Amino acid sequence: SSFLSPSSSFECTLEINPEHATDEYFSDLQRLGFVNRLSTGFQAMTDDGLKYLGRRHTVEDNYRYLKLCQKYGFSNYSVDYIFGYEILTADEIERAFRFLIGEGVPHISAYSLGIEDNTPFAFKLKKGLIHKMEDEFFLRQFSLIHSILESYGYNHYEISNYSLPGKHSRHNSNYWNFVPYLGFGPSAHSYYDDSRSWNS
């Protein structure tokens, strides 16, 4: 029972898709009082980028998520962004990250697009509908994101993760230190008593 009793150092992160961010949802989360950190995948800050990445939400959904975090007092949250695809330009990266920084987003994860076998991206690549980018392209975009975030005081504490002081993800950091964790829900992974397990 002590494990399930939140303490001041307790971190409970909930992942939420931007299209599901509504007043009702956030109000219910606030009322529960258990979740104290949110994470969501913006992935892009243009509708063209979201369409390319096959996302169902819009940039308006991203904006609404940020407003709801503020409205309901969630000061600890993370936003995911994807780079390294052919229609993404340096100018768009600059605009996106300066916007996120201006909004005071405390934690940003920047992931390069990977194309795995038997995925929609792999099929599009095979048909010539999209093109795989060279390593140099990824490196330029990664370096740009890194320089922008570090220049505004974000700590690059993991390969893909940046945070303002005191806002790093304890869960992410614990992976590297083999700290036990329990995951709940569909596809959740756990590491406890020196063994890993996961739900289907």
Item to check | Criterion violated by L88 - all others in (1) open to solvent by less than 20 Å² (accessible area, probe 1.4 Å); (2) modelled with pLDDT of 95 or more; (3) not in a loop (DSSP other than H, G, I, E, B) satisfied | outcome: (3)
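Answer yes or no: is there a residue in region 66-78 that is among the charged types (D, E, K, R), touching a residue at least 24 places away in the same chain (Cβ under 8 Å) and assigned to a helix (DSSP H, G or I).
yes
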Checklist entry - Scanning for something open to solvent by 50 Å² or more (accessible area, probe 1.4 Å), out of contact with any Pro (no Cβ under 9 Å at 6 or more places or on another chain) and in a loop (DSSP other than H, G, I, E, B), does region 168-175 turn up at least one residue? => result yes
Checklist entry - Within region 134-146, is there a residue that is at pLDDT 95 or above and under 29 Å from L29 (Cα atoms)? => result no
Checklist entry - Which residues, taken from region 142-161, are closer than 16 Å to E103 by Cβ, out of contact with any strand residue (DSSP E or B) (no Cβ under 7 Å at 6 or more places or on another chain) and surrounded by 15 or more Cβ atoms within 10 Å (Cβ to Cβ)? => result I148
Item to check | Residues satisfying the stated conditions in region 102-141, i.e. open to solvent by 60 Å² or more (accessible area, probe 1.4 Å), among the hydrophobic types (A, V, I, L, M, F, W, C) and either in contact (Cβ under 8 Å) with a residue 12 or more places away in the chain or not in a helix (DSSP H, G or I) (or both) | outcome: L129
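What are the residues in region 160-179 that are modelled with pLDDT under 85 and closer than 18 Å to L14 by Cα, if any?
Hits for region 160-179 are K167, H168, S169, R170, H171, N172, S173, N174, Y175.
The values are calculated or read from the model by the stated rules, or taken from the named source; none is laboratory data. It should be emphasised that the depicted structure is a prediction, and the values quoted were computed from it without experimental measurement. Here the Cβ is made from the backbone with ideal geometry for all residues, glycine too, and neighbour counts use every protein chain on show. Note: areas computed on protein heavy atoms with side chains; ligands, DNA, RNA excluded. Shrake-Rupley method; radii C 1.70, N 1.55, O 1.52, S 1.80 Å.
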